[in-house]
Structure formats: C-alpha cells, structure tokens
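Engineer: Below is a structure I'd like to ask you about.
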Amino acid sequence: MTRSFTAFSTLLKTFMLALAALCLAALATVPGTGRSQLRLVGDSELNAMAATQYSQMIKQGPLSADAKGTAMVKNAGAKISRAAESYLREHGLEKEINDYKWEFNLIESKDVNAFCMPGGKVAFYTGILPYCRDETGVAVIMGHEVAHAIAHHSRERASQQLMTNVGGTVLSVGLGVGGASSFTSVVAMAASG
C-alpha cells in the first residue's frame with residue numbers, strides 16, 4: 001500500500017464517521033407517524049424554491065375555467081388544511097407547518113394527477129376530476145397530498161439525494177486516489193447508483 005492511499009484511507013474513515021454522526025444528528029420525526037427521516041435540507045430553502053416554482057407554474061397555467069371544479073379543489077383544500085393544522089396544534093406540532101402558505105389551484109390538463117409542493121402549494125389537474133366524482137373524492141386525494149407536505153417528504157427526498165451525491169463523490173475520489181483501474185471504477189460507480 002502506498003503512503004498516499006493509507007493517508008486517504010484514514011481520511012476517508014474519519015470522514016465517514018463524521019458523516020454518520022451528522023446523519024444521526026440530522027434525524028427528524030415525521031409528525032403523526034413518529035417515523036424517523038433524514039433532514040439535511042432546511043424547510044425554509046425548500047419552501048422558498050417551491051413557492052417560486054409554483055408561482056411560475058400557475059402563471060404558465062393554464063388555470064382551469066371550470067368554476068365548479070375550481071371551487072371543489074379550493075373548498076376541499078381549505079377544509080383539509082384547517083383540519084391538519086388543528087390536529088398539529090392539538091398535538092403541539094404546529095411548528096412543523098408554521099411557514100406554510102396553503103394554495104390550492106386547478107390546472108387545465110388531461111393528466112390524471114395532483115401534487116403538493118413544500119410549503120403547502122397544491123395543484124390538481126382537471127384530468128383527475130372525473131375519477132374524484134365529487135368534493136368528497138377531491139378531499140380524499142387532497143388529504144393524501146397534504147399528508148405528503150406535512151410529513152416533509154420533499155425534504156426527505158432532497159436529503160437522500162444529497163447523501164447519494166456526497167457518497168458518489170467520496171467513492172469517485174476514493175477510487176481515483178486508491179489507484180483503481182478504470183474498469184473497477186466504472187463497475188463501482190454503476191453499483192452505487
């Protein structure tokens with residue numbers, strides 16, 4: 001073993017221990033379920049990015065001209081978000097959504113989809129409405145989407161992606177410093193995802 005590889009190996013072990021400690025310190029509890037999730041990305045950054053993207057999406061639209069469908073989405077959204085806020089308040093978890101600014105819009109599209117971005121930005125596509133049938137059906141889907149936001153699933157995915165990127169970078173550097181062949185490097189990088 002070369003001196004530089006030994007030094008790198010020691011540095012890599014130290015880095016991995018520090019990374020493991022960071023991950024343990026960055027664990028958060030999902031409100032309502034108690035499940036642990038990784039929180040390496042802050043809510044304020046995600047909420048700000050989501051608000052910008054949502055605003056651009058709404059401007060591009062087109063928003064639906066269906067007054068009845070729009071009213072169903074907005075009414076169901078208001079009821080579900082109030083119920084969620086009430087539940088979180090009753091359980092001392094209101095801080096989980098302090099920065100949320102709920103918005104509910106119906107976008108004209110044949111896509112059968114609905115989604116909620118961080119910070120409470122919800123969009124329904126008109127293509128999903130026939131499957132909903134009425135406001136109760138909209139509320140079922142709305143509850144699902146609002147639950148994603150309250151459970152901070154976007155933050156969790158962003159944190160996981162960050163860890164994947166860091167891991168890939170460390171693996172790439174380690175393979176290069178360790179003198180791995182290009183074939184070994186390609187196989188290791190492919191196996192890591």
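The values are calculated or read from the model by the stated rules, or taken from the named source; none is laboratory data. Only a predicted model underlies this, so the values are computations on that prediction, with no experimental measurement involved. Backbone-built Cβ (ideal geometry, glycine too); neighbour counts: all protein chains shown. Only protein heavy atoms, including side chains, enter the accessible area calculation; ligands, DNA and RNA are left aside. Shrake-Rupley method; radii C 1.70, N 1.55, O 1.52, S 1.80 Å.
Engineer: Any residue that is at pLDDT 95 or above, open to solvent by 60 Å² or more (accessible area, probe 1.4 Å), closer than 14 Å to residue 69 by Cα and in contact with a Pro (Cβ under 8 Å, 6 or more places away or on another chain) - is there at least one of those in the range 122-141?
Structural biologist: So far as the range 122-141 goes, no, none of its residues is at pLDDT 95 or above, open to solvent by 60 Å² or more (accessible area, probe 1.4 Å), closer than 14 Å to residue 69 by Cα and in contact with a Pro (Cβ under 8 Å, 6 or more places away or on another chain).
Engineer: Considering only the range 83-100, state which residues are among the small types (Gly, Ala, Ser) and assigned to a helix (DSSP H, G or I).
Structural biologist: 83, 84, 86
Engineer: At pLDDT below 90 and open to solvent by less than 50 Å² (accessible area, probe 1.4 Å): which single residue out of 40, 27 fits that description?
Structural biologist: Only one candidate passes the filter, namely 40.
Engineer: Any idea which residue in the range 49-67 is surrounded by the most Cβ atoms within 10 Å (Cβ to Cβ), counting only those that are over 20 Å from the mean Cα position of the chain (by Cα) and among the polar types (S, T, N, Q)?
Structural biologist: 64
Engineer: I need the full set of residues from the range 68-84 which are more than 10 Å from residue 106 (Cβ to Cβ), free of Cβ contacts under 8 Å to residues at least 60 places away in the same chain and open to solvent by less than 90 Å² (accessible area, probe 1.4 Å), in order please.
Structural biologist: 78, 83
Engineer: For the range 101-113, which residues satisfy the criterion of being outside any loop (DSSP other than H, G, I, E, B) and closer than 15 Å to residue 62 by Cα?
Structural biologist: If the condition is that a residue be outside any loop (DSSP other than H, G, I, E, B) and closer than 15 Å to residue 62 by Cα, then 104, 105, 106, 107 are the ones that fit.
Engineer: Exactly one condition in (1) in contact with a Gly (Cβ under 9 Å, 6 or more places away or on another chain); (2) within 25 Å of residue 45 (Cα to Cα); (3) open to solvent by 60 Å² or more (accessible area, probe 1.4 Å) is not met by residue 112; state its number.
Structural biologist: So residue 112 meets the others, but not (2).
Engineer: May I pose another question? Which of (1) at pLDDT 85 or above; (2) in a helix (DSSP H, G or I); (3) surrounded by fewer than 16 Cβ atoms within 10 Å (Cβ to Cβ) is the odd one out, the single condition residue 160 does not satisfy?
Structural biologist: Exception for residue 160: condition (1).
Engineer: Please name all residue pairs, on different chains or six or more residues apart, with Cβ atoms under 7 Å, provided the first residue is in the range 100-128 and is without any contact (Cβ under 8 Å) to a residue 24 or more places away in the chain and the second residue is acidic (Asp, Glu).
Structural biologist: 125/111; 127/111
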